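Peer 1: I'd like to ask you about the structure that follows.
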Amino acid sequence: ATATAVTEQHKLVAKLEEGTWDAKVKAYLSGPSAAPEESTAVETVTVVNDGLWLATSFEGKFGGQKFTGRGLLGYDTAKKKYVAAWTDNMSSQLLTGEGTYDEKSKTATFLFDRRDESGKTVQDKHVTVYPADGKRNYTIYSKIPGAGDEPIKVMEIEYTRRK
């Protein structure tokens, strides 16, 4: 396939992600065993660039403040990996990640590079499960100072696609 050809991977991610989604957000700001901060949001995912990319617009609240995020998601035919970028109004960092999709478990797993508070690059794990058509469950695991080497759950988002 040429670098500009829309592949089965591009079509799959569009089928799984395109649309307007209502989101129930749980942020584990005090650790995964404490009660999460809960909020709602809306995410709109649009196919762009002739089917090669998806553009995401996320609008909600986080920590009681307005939260907006923008993302890009696609499939890099040379790397044979899904690729993504994310930016939001709570950080000047551009997060970039690479991932895979497992058809059997209907799970996408991405590793995103992020600078932590000390300026060191760490990898966060982002896992999306697609339990049924029009549903997706997204979880972020981050390395937190003082919590050891294993990433811990910091956020869960349950998405339902609008009809």
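The values are calculated or read from the model by the stated rules, or taken from the named source; none is laboratory data. What you see is a predicted model; the values in this text were computed from it and never measured. Note: ideal-geometry Cβ built from the backbone for every residue, glycine included; neighbour counts use all protein chains shown. For accessibility, only protein heavy atoms count, side chains too; no ligands or nucleic acids. Shrake-Rupley method; radii C 1.70, N 1.55, O 1.52, S 1.80 Å.
Peer 1: For the structure I just gave you, tell me whether A34 is modelled with pLDDT under 95, surrounded by 14 or more Cβ atoms within 10 Å (Cβ to Cβ) and of a type outside the set (F, W, Y).
Peer 2: Taking the combined requirement at face value, the residue does not satisfy it.
Peer 1: Could you list, in sequence order, the residues of the range 37-54 that are within 20 Å of V25 (Cα to Cα) and either among the hydrophobic types (A, V, I, L, M, F, W, C) or surrounded by 14 or more Cβ atoms within 10 Å (Cβ to Cβ) (or both)?
Peer 2: Result: E37, S39, A41, V42, E43, T44, V45.
Peer 1: Ok, one more. Pairs please, first residue from the range 98-122 and within 15 Å of Y82 (Cβ to Cβ), second anywhere and in a loop (DSSP other than H, G, I, E, B) and not acidic (D, E), Cβ atoms under 6 Å, 6+ apart in sequence or on different chains.
Peer 2: K106/Y130
Peer 1: Which of the numbered conditions does K15 fail, given that it passes all the others? Conditions: (1) open to solvent by less than 60 Å² (accessible area, probe 1.4 Å); (2) at pLDDT 90 or above.
Peer 2: (1)
Peer 1: Tell me, yes or no, whether the range 100-115 has at least one residue that is out of contact with any Cys (no Cβ under 7 Å at 6 or more places or on another chain), open to solvent by 60 Å² or more (accessible area, probe 1.4 Å) and under 16 Å from A27 (Cα atoms).
Peer 2: Checking the range 100-115: not a single residue is out of contact with any Cys (no Cβ under 7 Å at 6 or more places or on another chain), open to solvent by 60 Å² or more (accessible area, probe 1.4 Å) and under 16 Å from A27 (Cα atoms).
Peer 1: A follow-up question, please. So D133 clears everything in (1) closer than 27 Å to L52 by Cβ; (2) open to solvent by 50 Å² or more (accessible area, probe 1.4 Å); (3) part of a strand (DSSP E or B) except one condition, right? Which one?
Peer 2: (3)
Peer 1: Next question. Among the residues of the range 111-128, which ones are in contact with an Asp or Glu (Cβ under 9 Å, 6 or more places away or on another chain) and within 22 Å of E59 (Cα to Cα)?
Peer 2: Residues satisfying the conditions are F112, R114, D124, T128.
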